[in-house]
Amino acid sequence: YDESNYDYFFKVTLDKKIGYFSSTGIELIPPIIQNEQSRYDEDFKIITIKNKKGILNKKYEVILEPKYDDISFTLLGHGGYYEKTDLLKIVLNKKWGLLNKDFKVVIEPKYDWIGKFENDKAIILLN
């Protein structure tokens, strides 16, 4: 195991897969995570398990089961600069949709593409 302290939890790596243990040695998530990504100001991570994406909270609990082909952060444009939004783009079977900040589907994955948000609007492609 490769160990490093992360907010009183230990991140471990075994065979290039990530897991988490509590500071008391309790296994929270076995080393099954292929990849993880987060933004410094978020309380969650987007994780990949068996090539599907889901959400892990700051207590290292899976709060959205990995079932999506992709999950990505969205940005809102305002005349040349961008800020984060409370929405996440999701892709399932090559169709795009949106999750809200509570990780609930607000737009079902039925679109062929969702672009950047500009002035509270996004370009959406439906063939």
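The values are calculated or read from the model by the stated rules, or taken from the named source; none is laboratory data. Note that the structure is predicted; figures quoted are calculated from it, not measured. No Cβ is skipped: glycine too gets one built from the backbone with ideal geometry, and neighbour counts run over all protein chains shown. Heads up: the accessible areas ignore ligands, DNA and RNA and are worked out on the full protein's heavy atoms, side chains in. Shrake-Rupley method; radii C 1.70, N 1.55, O 1.52, S 1.80 Å.
Worth a mention:
- Extreme residue, farthest from Tyr40 (Cα to Cα), among residues of the stretch 112-127 that are open to solvent by 50 Å² or more (accessible area, probe 1.4 Å) and either among the aromatic types (Phe, Trp, Tyr) or in a loop (DSSP other than H, G, I, E, B) (or both): Asn127
- Filtered by the rule that a residue be within 23 Å of Ile124 (Cα to Cα) and of a type in the set (Phe, Trp, Tyr), the stretch 41-94 gives Tyr68, Phe73, Tyr81, Tyr82.
- Output for the stretch 63-75, where each listed residue is within 23 Å of Pro31 (Cβ to Cβ) and either free of Cβ contacts under 8 Å to residues at least 40 places away in the same chain or open to solvent by less than 20 Å² (accessible area, probe 1.4 Å) (or both): Leu64, Glu65, Pro66, Lys67, Tyr68, Asp69, Asp70, Ile71
- Looking across Tyr60, Tyr81, one residue alone is surrounded by fewer than 17 Cβ atoms within 10 Å (Cβ to Cβ) and over 12 Å from the mean Cα position of the chain (by Cα). It is Tyr81.
- Selection within the stretch 1-31 - assigned to a strand (DSSP E or B), surrounded by fewer than 14 Cβ atoms within 10 Å (Cβ to Cβ) and modelled with pLDDT of 85 or more: Leu14, Ser22, Glu27, Pro30
- Number of positions in the stretch 32-42 that are open to solvent by less than 60 Å² (accessible area, probe 1.4 Å) and assigned to a strand (DSSP E or B): 2
- Identity of the residue in the stretch 89-108, open to solvent by 30 Å² or more (accessible area, probe 1.4 Å) and in a strand (DSSP E or B), that ends up farthest from Ile63 (Cα to Cα): Lys95
- When the stretch 36-57 is limited to residues that are under 11 Å from the mean Cα position of the chain (by Cα) and basic (Lys, Arg), the one that is modelled with the lowest pLDDT turns out to be Arg39.
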